[in-house]
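Below: the structure, in structure tokens.
Derivation of every value follows stated rules applied to the coordinates shown; laboratory data play no part. Keep in mind it's a predicted model, so treat the numbers as computed, not measured. So basically every Cβ, Gly included, is an ideal-geometry build from the backbone, and we count neighbours across all protein chains shown.
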Amino acid sequence: MKSVILIENGNLLRNLLALAISRLPELNLIAEASNSLEGYDLCLKNKPDLVIIDLLSPGLHGFELLSRLKKRWPNQNVLICTSVDCRSALRKLIKIGITGYIHKSASLYELEVAIKQTADGTSYFNSDAAKVIRELLDSEKSENTDPLDSITKREREIIILVAEANTNKEIAIKLGMSVRTADTHRANILKKLQLPNSVALTRWAVTNDLVSTIYSKS
């Protein structure tokens with residue numbers, strides 16, 4: 001049987017959460033607290049399988065309580081049940097490492113599902129939270145992508161020519177395109193690589209072994 005500690009300031013919701021837990025025979029609500037300091041002490045004494053936390057409980061701030069729990073027990077299952085609708089707060093919670101997140105307006109059935117899953121160590125996030133998670137994953141994927149993978153063959157040719165100190169006119173002649181097209185390519189490359197100018201692009205080309213020397217024209 002999995003043990004649960006409930007930290008919730010509001011009597012009504014605390015009773016509702018306790019009811020949801022009582023309807024799950026595999027779970028045992030071993031303690032309740034109306035403030036986070038008391039709740040943290042209960043966690044230290046009992047080390048529950050799941051802690052349900054209201055971010056706005058008095059005492060320790062919800063983020064501080066969560067950070068303390070995660071520092072002591074990195075794998076501690078935590079379900080956040082809150083009325084806070086803040087994407088930045090949710091991002092912070094996800095990065096700290098919560099197991100689940102559910103809004104206080106959820107139905108009794110939704111609460112039961114969230115509690116059961118997170119007690120088993122399975123993530124549970126409502127639709128809004130799931131969207132934020134996808135955004136974070138996409139952002140991390142983008143940050144971890146090798147910039148070279150996003151460069152086309154044509155852009156690579158232009159980068160090399162820029163690094164060899166060719167002007168847009170010279171690039172246009174060598175690649176058989178208009179000067180305007182060459183200029184557009186150069187601007188798009190700088191934007192894609194988030195570089196300020198051609199000097200930075202030349203250094204980038206050398207760093208990424210597209211050219212071996214920084215050229216200059218006398």
When M177, M1 are arranged by how many other beta-carbons sit within 10 Å of their Cβ, fewest first, they go M1, M177
When F63, F125 are arranged by how many other beta-carbons sit within 10 Å of their Cβ, fewest first, they go F63, F125
For the stretch 147-207, the dipole about the Cα centre with charges only on Cβ (Lys and Arg +1, Asp and Glu -1), to the nearest 20 debye, works out at 120
Cβ density ranking, 10 Å radius, fewest first, applied to D149, D54, D49 yields D149, D49, D54
Labelled set (1) 46; (2) 36; (3) 50; percent of Cα pairs over 27 Å apart computed from this model equals the value at (3)
Restricting to Cα pairs under 8 Å and 6 or more apart, the percent relative contact order of the stretch 2-143 works out to 22
